[in-house]
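The values are calculated or read from the model by the stated rules, or taken from the named source; none is laboratory data. Treat the numbers as computed from the prediction; the structure is a model and nothing was measured. No Cβ is skipped: glycine too gets one built from the backbone with ideal geometry, and neighbour counts run over all protein chains shown.
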Amino acid sequence: MIVGLTGGIGSGKSTVAGMFRDLGVPVFIADQEAKSIMDHDQEVKEAICALLGKEAYHDDGPDRAYIASVVFKDREMLDKLNGIIHPAVHKRFDTWYKAQKAPYVIYEAAILFEQGGNEKCDKVILVTAPREIRISRVTKRDRASREQVLERMNNQWPDEKKIPLADIVIENIELEETLRIVKNIHQLYVKN
């Protein structure tokens with residue numbers, strides 16, 4: 001079984017993914033795979049340079065700050081960038097998934113619904129948190145300005161649009177409560 005795990009920036013989906021991993025569940029993190037692909041896949045690198053210009057890469061790899069500064073201000077460019085990276089991520093996931101033996105796996109992706117990734121999932125868990133908590137978490141974690149965080153948030157679907165599409169919603173405010181919920185979900189999915 002494939003369980004999609006998603007949530008907006010700062011919701012704590014990576015924390016929840018770690019909780020599942022600690023319970024022995026195989027976890028595929030799409031964002032990490034996307035970064036790896038951007039770093040090492042020559043075809044993807046060439047396509048990104050063709051889209052965003054040679055400034056998108058330096059000798060040591062992608063200039064993530066430059067790329068973000070372009071795509072998070074231009075929805076069309078973001079969609080084109082995702083159109084380059086996401087097919088490669090899906091291909092890696094398919095290979096990874098075939099090698100798993102667990103009763104279920106977690107496919108963690110920030111923009112699961114936005115990219116239609118939920119269609120390949122048997123279940124979807126959405127992690128939410130109040131907006132101001134999310135902004136606070138990201139400004140501390142990424143040393144980003146409030147404006148930069150809001151820019152990224154505005155390029156993701158709001159929770160109100162995602163909640164009706166999710167099978168389970170975890171409001172991630174208190175870690176102990178979140179862990180209790182994750183353990184209950186795990187017991188449910190291991191039995192299925």
Problem set entry | Residue check, Leu126 at pLDDT below 95 and touching a helix residue (DSSP H, G or I) at 6+ places or on another chain (Cβ under 9 Å) | no
Problem set entry | Members of segment 52-94 found to be farther than 24 Å from Cys121 by Cα and touching a strand residue (DSSP E or B) at 6+ places or on another chain (Cβ under 7 Å), listed by number | Ala56, Asp63
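Among the residues of segment 128-151, are any assigned to a strand (DSSP E or B) and under 25 Å from Glu177 (Cα atoms)? Show your work before the answer.
So in segment 128-151, the residues assigned to a strand (DSSP E or B) come out as 128.
Applying the additional criterion that residues be under 25 Å from Glu177 (Cα atoms) yields 128.
Yes.
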Problem set entry | Test for His186: is it within 20 Å of Arg75 (Cβ to Cβ) and in contact (Cβ under 8 Å) with a residue 24 or more places away in the chain | no
Exercise. Using beta carbons and a limit of 9 Å, which pairs, at least six apart or on different chains, have the first residue in segment 159-177 and in contact (Cβ under 8 Å) with a residue 60 or more places away in the chain and more than 19 Å from Lys120 (Cα to Cα) and the second one in a strand (DSSP E or B) and of a type in the set (A, V, I, L, M)?
Worked result: Asp159/Leu126; Asp159/Val169; Ile170/Ile125; Ile170/Leu126; Ile170/Val127; Asn172/Val127
